[in-house]
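Read the structure below first, then the notes.
The values are calculated or read from the model by the stated rules, or taken from the named source; none is laboratory data. Just so we're clear, the structure is a prediction, and the values are computed from it rather than from any experiment. Note that we place each Cβ from the backbone using ideal geometry, even for glycine, and neighbour counts take in every protein chain shown. The area values use the complete protein model at the heavy-atom level, side chains included, leaving out ligands, DNA and RNA. Shrake-Rupley method; radii C 1.70, N 1.55, O 1.52, S 1.80 Å.
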Amino acid sequence: MVNKDSSEKDSSEKKRRKGSSGDSSSGGKQNKEDAYENVIRHEEQEAHRRSADKDKTMFYQTCSELKKIFEEIAALKKDNTEKSNQEIIEKRIQGSLIFVALKKLNRLDKIRLRAGRDALHKEKLRVDSNRLQLQNLLYEANHLKREVQRCYQFKSQDEEIDLVSEEEFYKNAPESISRPQKTKSDEHARRLARLDWELHERKELSALCKKLSIAKQDASKDIGLKAERLNSLAPCLEALLKATRPLQIALEMDIEKEWEVQKSARLLSRPLYLVYANVSAYAEACDSSITTTIEGDEDEAKILDDEDKCDDRDDDDNQESDNEDLEPGNRKVHHKRYSKNETIEIRRKNLLKPHPLSVSLTINKDSPHGQIIITLRYFPGLGFVTAKPTIEINNTGVAAGEVISTENILSCIYADDFGENSPNPKTKYQIDEYHMNEAELLAYLNEQNFGKPYKWAQRFCGIDFVPDKPSTSRSSFFSDTVSYELAQESVPSIVKHLKSRWQARLGLYKQIYALENKNIDLSSDVIDVAPARISSSLVQWLSTTWEEYSSSLSTQRFIEENLVTSHDLFYRAVITRGSAKLECLVCISSDFPNTTPIWNLNLCWNGKHNAINNAAIREMEHWVNSISTAKTKSCILSAQLRRAMSGFDIFLETEGPFYSPAEFTQDKTFLKAFRGRQRSRPYKIVQNGSNVIYKQI
Amino acid sequence: MGFSSRKLLYNTVLSQTLSECGNFLFVGNNFGDIFILSLERLEANNVEYDAKELPNKSPLEPTLIFTVDSKAAVNSLKFHRGFLIVGTVGSIAGYVWNEDKQQIGKKSWEVKIPSAPESIEAADVNFMWVDKASDNLFAGCGDHAVYQISLEDGRMVRTFSGHKDYIHCVTGLENNLYSASEDGTIVFWDIRECKQVGRLEPHTNADLARPEFGKWQGTVSVTNDWLICGGGPRASMWHLRSLECTNILPFPEKVHCSEFLDDLIVIAGEHPFLHQYSFNAEVVAEVPISGASAYSVVLQNEPIKLMSVGGASNFLDIYTNFNYRDLIVKLYSSKKD
């Protein structure tokens, strides 16, 4: 069949060759290959040209034709006749032709398939290459984006340069640099212009700086030269001074001594310096009985002063660590050298150490009655001043001595100022650190003979504690709270107060001294003008204690009303007449003579009577206590004693007749023994002509 | 000692009286001041007070302090027909009481007590009693006499003289007047006839006399049948018709005040307790007082039931149920001036 086919093909090819090209001149092998090539090309073209659908229908048609021929042949073979053989041959030819056509169709199909595949492959390649290109482009785009970002983030050095503000720039810079017509609109150009200007300016300034530093060096050199010359003058001056000394002695001029004092005054701590300066000035101007002196170790003060200076210089660096410690100097050296406990102990000591120099005021110097010396010490750590009085007086009685005792002579210069609290609100926290309380601190101060931190002493020295004023560092502490004005303002009044206190105490001392020795003149009196005949007598005048005073029931009234406090002075006087005894508890306020002494009367006669259980004694006490000090400072106690004694007499003389046997008889003249519903007694003395009579209050 | 401190410590209440409406209490003292207390306010406070809380709260204070005369004590006080009648030294004066403003107005009248030529002191007006029916005021004075003053025209109508010492207390009933004196007698007077109709001398009674306290009679109170008096001698109860001492009241100290309270007798004096007795002289109650001595007791049942006791103390004791002290008024406050 194949041979047949191929022969058929050949024949058809030949036919086609004849039909299409008609060119038979090309012969030989080459010709044959060419033809093949041509055929292939031709078929390819044909396959391209012809529609595949039509070929499909043609294929079906051809197949059905072939089938019909096979059926016909089959039918003819059954006949098996000659004629039919003939016809079979015929049909075979026909069938072969159809077969050729089939083959042709098949070939066309194959070509088409291949062409399709080729096209697909070609497309695929193209897509791949495009894809690659796309990737490349994306990558490139990313890269570029990053570059752009980097550009955006770029920091120019010029941004760190501080430039003058725009307005200033346009105001000061010359037109050549600022070029406003251009830079106004263009920000970049403006920036450049401003940088330009900055550079220009800075260059000029650095040149100026150089010039000035040269000038400074010159000046310092000059100063050095001059200082040297001054130093060389000193020995000459000293020699001159030495030469004038005989003259000074001859003329009794203490110039040099004064210089000495001023030199040590300069070493004083600021509060004490203020008080020293102010009081000396005040004494010189107004009151010659006051003198001021500086005492203490000058060398130590000098060391402290120097340390203070260098301390101040590096204070800024150490401020944070130093805040809790206010003692200047010493500290930093010790910090590293000692263990923690020792450091605390040292710091505690430093805190509680007074400034080495103290100021002493002498009031009523060289007066025959005695003088008082007040020593003021400043505690730089605690920031307050203490005052310690010293008394120099000739004669002292036992009870009287207490009046001028150093304990309380300075308390209550201002109301409620007993020196029992630290005036500095910070103190509590400062000493807390060392496990001390205020009472212990004050006991320590007392033990060391430093006196008490009275409020007036702070004002005296110009220290003003305002509780809510924050003063964190030492430097601000000094500048804020030590005020020159305050010191200046308060010095005269405090000096006057101190003087009057001292005078009052001296007066009180005299009164009590007299009472103690029962050396009182009872007949003359400033208040109750009339001379009185007093039958009772004072047998005892002793000082007593707060404990004893407050333990009495009848004194509770005074304590409750705050008329009597533990800071006052207490005395016990005993008056007797016959079997009756009057015990008087006397309280002299520490701010005497502003407050009258308060008497409390207790009568022992037929039972115990006092103001609580007996209205008559209450009235007597009222009478004793109603003398005012205003006009009778010097004899208040004896006046009160006199009232107590005459009241005692009157009580006994009005009460006595009721008892039998009558111990006390009427000795004094009174209009009525009793008056009014309260049956008050004639305690009051009046002069009626030449007679002295007693009447009700 | 300053004047204000002295006032605090030595204030002595000498007299008290209640206003007609019964809502105000007037208290006079030795410094010449009158304290005005609103009883309604005290009552209101009293409700809020718990007995336990009392010590913690600040003491009550008077609404107003009115100074009559800083030199003379307010010895006696009476209230009558809108007037506060104030007896000081040598004078009796009437002040208008302004109920709405709660203020004492100006002095509207004054009667001077005539002083005897030989006396160098003006006479105290120790006690006053008003006969409400006849508008007559009876004042027992320091010059040994009782004066009858007509409140209509301020005329001194009668003088009851006969006592040998100053008068402590005056009271009356219908046409009779009773006066207690320092001379130790209680004298009964007939008001219309102005003469003595009887007298008691308790110090002559051996059961009553306490010679160490003196013979003076400090107080007298009467009802239709009974009279109580006391002073230096013991407090005693007398039957008015027979003039016999029926009961001796066991008050241990000097007597300054006596009152009838329903079926009880109230006695106060120089003793830290006020005593209440039944009519057969049994002690019913002993209530504490603030001062060393009581000089004035006032009491009322309507509109606010209370008894107020003042004496030698800056505190006024108020008893709203008569049995225990439930309010203490601090008259001068201890604020610093």
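Here the stretch A:618-636 is the region considered, the condition is being modelled with pLDDT of 85 or more and more than 8 Å from chain B (Cβ to nearest Cβ), and the residue that is farthest from residue B:311 (Cα to Cα) is A:624. Of the residues making up the stretch B:273-297, those that are under 16 Å from residue B:229 (Cα atoms) and either within 14 Å of chain A (Cβ to nearest Cβ) or assigned to a strand (DSSP E or B) (or both) are B:274, B:275, B:276, B:277, B:278, B:294, B:295, B:296, B:297.
Can you tell me which residue among A:328, A:356 is at pLDDT 70 or above, surrounded by 13 or more Cβ atoms within 10 Å (Cβ to Cβ) and either among the aliphatic types (A, V, I, L, M) or within 26 Å of residue A:453 (Cβ to Cβ) (or both)? Step through it out loud before you land on a result.
Values: A:328 fails: at pLDDT 70 or above.
The unique qualifying residue is A:356.
The condition (being under 30 Å from residue A:202 (Cβ atoms) and either in a helix (DSSP H, G or I) or not assigned by TED's automatic domain parsing to the domain that holds residue A:191 (or both)) is satisfied by just one residue among A:140, A:147, A:123, A:168: A:168.
Identify, please: which residue in the stretch B:119-134 is away from chain A (no Cβ under 14 Å) and of a type in the set (D, E, K, R) and is, among those, least open to solvent (accessible area, probe 1.4 Å)?
Taking the stretch B:119-134 and keeping what is away from chain A (no Cβ under 14 Å), we get B:130-134.
Still in the list and also of a type in the set (D, E, K, R): B:131-132.
On the way: B:131: 32, B:132: 122 Å².
The residue in question is B:131.
Applying the criterion of at least 1 residues that are touching a residue at least 24 places away in the same chain (Cβ under 8 Å) and within 14 Å of another protein chain (Cβ to nearest Cβ) to the strands (runs of 3 or more DSSP E) found wholly in the stretch B:198-272 leaves B:217-222, B:226-231, B:255-261, B:264-269.
Scanning the stretch B:1-15 for residues that are assigned to a helix (DSSP H, G or I), out of contact with any His (no Cβ under 9 Å at 6 or more places or on another chain) and facing chain A (nearest Cβ under 7 Å) yields a count of 2. Take the conditions within 14 Å of chain A (Cβ to nearest Cβ) and modelled with pLDDT of 90 or more and apply them to residue B:94. Does it pass? For residue B:94, the condition - within 14 Å of chain A (Cβ to nearest Cβ) and modelled with pLDDT of 90 or more - is not met.
Yes or no: the stretch A:653-661 includes at least one residue that is among the aromatic types (Phe, Trp, Tyr), open to solvent by 40 Å² or more (accessible area, probe 1.4 Å) and within 14 Å of another protein chain (Cβ to nearest Cβ).
Of the stretch A:653-661, the ones among the aromatic types (Phe, Trp, Tyr) are A:658-659.
Still in the running and open to solvent by 40 Å² or more (accessible area, probe 1.4 Å): A:658-659.
Now narrow it down to the ones that are within 14 Å of another protein chain (Cβ to nearest Cβ): A:658-659.
Yes, there is a match, as at least one residue in the stretch A:653-661 is among the aromatic types (Phe, Trp, Tyr), open to solvent by 40 Å² or more (accessible area, probe 1.4 Å) and within 14 Å of another protein chain (Cβ to nearest Cβ).
For the stretch B:265-320, name all the residues that are open to solvent by less than 30 Å² (accessible area, probe 1.4 Å), among the β-branched types (Val, Ile, Thr) and farther than 15 Å from residue B:235 by Cα. The answer is B:287, B:289, B:297, B:298, B:304, B:309, B:318, B:320. The set of residues in the stretch B:307-321 being farther than 21 Å from residue B:12 by Cα and either aliphatic (A, V, I, L, M) or in contact with an Asp or Glu (Cβ under 9 Å, 6 or more places away or on another chain) (or both) consists of B:320 alone.
Give the stretch A:530-561 a look and list any residue that's part of a loop (DSSP other than H, G, I, E, B) and over 26 Å from residue B:313 (Cα atoms), or say none.
First pass over the stretch A:530-561, keeping only residues part of a loop (DSSP other than H, G, I, E, B): A:530-536, A:545, A:552, A:561.
Answer for the stretch A:530-561, where residues must be part of a loop (DSSP other than H, G, I, E, B) and over 26 Å from residue B:313 (Cα atoms): A:530, A:531, A:532, A:533, A:534, A:535, A:536, A:545.
If you check A:673, A:616, A:639 for being part of a loop (DSSP other than H, G, I, E, B), among the small types (Gly, Ala, Ser) and assigned by TED's automatic domain parsing to the domain that holds residue A:557, only one passes: A:673. Scanning the stretch B:1-18 for residues that are surrounded by 17 or more Cβ atoms within 10 Å (Cβ to Cβ) and hydroxyl-bearing (Ser, Thr, Tyr) returns B:5, B:10, B:12, B:15, B:17.
To keep it simple, each residue is scored yes or no on (1) at pLDDT below 70; (2) surrounded by fewer than 18 Cβ atoms within 10 Å (Cβ to Cβ); (3) within 30 Å of residue A:272 (Cα to Cα).
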| site | (1), (2), (3) |
| --- | --- |
| A:446 | no, yes, yes |
| A:450 | no, no, yes |
| A:454 | no, no, yes |
| A:484 | no, yes, yes |
| A:494 | no, no, yes |
| A:526 | yes, yes, no |
| A:530 | yes, yes, no |
| A:535 | no, yes, no |
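The requirement of being at pLDDT 85 or above and over 30 Å from residue A:50 (Cβ atoms) is satisfied by residue A:89.
If I ask for residues that are aliphatic (A, V, I, L, M) and in contact (Cβ under 8 Å) with a residue 40 or more places away in the chain, which ones from the stretch B:275-310 would you list? Even if it seems obvious, please write down each step before you answer.
Going residue by residue through the stretch B:275-310, those that are aliphatic (A, V, I, L, M) are B:281, B:283-285, B:287, B:289, B:292, B:294, B:297-299, B:304, B:306-307, B:309.
The answer is B:281, B:297, B:298, B:299, B:304, B:306, B:307, B:309.
More than 14 Å from every other protein chain (Cβ to nearest Cβ) and in contact with a helix residue (DSSP H, G or I) (Cβ under 8 Å, 6 or more places away or on another chain): does that describe residue B:304? So residue B:304 passes the test.
Taking strands (runs of 3 or more DSSP E) that fall entirely within the stretch B:153-194, which contain at least 1 residues that are closer than 16 Å to residue B:227 by Cβ and open to solvent by 30 Å² or more (accessible area, probe 1.4 Å)? Please lay out each step first, then the result.
Numbers: elements: B:156-161, B:167-173, B:176-181, B:186-190.
By residue number, B:167-173, B:176-181.
Tallying residues that are surrounded by 12 or more Cβ atoms within 10 Å (Cβ to Cβ), part of a helix (DSSP H, G or I) and over 51 Å from the mean Cα position of the chain (by Cα) within the stretch A:231-279 yields 3.
Within the stretch A:670-695, restricting attention to residues that are among the β-branched types (Val, Ile, Thr) and more than 12 Å from every other protein chain (Cβ to nearest Cβ), the residue that is nearest to residue A:626 (Cα to Cα) is A:685.
Taking residue B:94, is it touching a Cys at 6+ places or on another chain (Cβ under 9 Å) and in a strand (DSSP E or B)? Considered against the rule, which asks whether it is touching a Cys at 6+ places or on another chain (Cβ under 9 Å) and in a strand (DSSP E or B), residue B:94 comes out as no.
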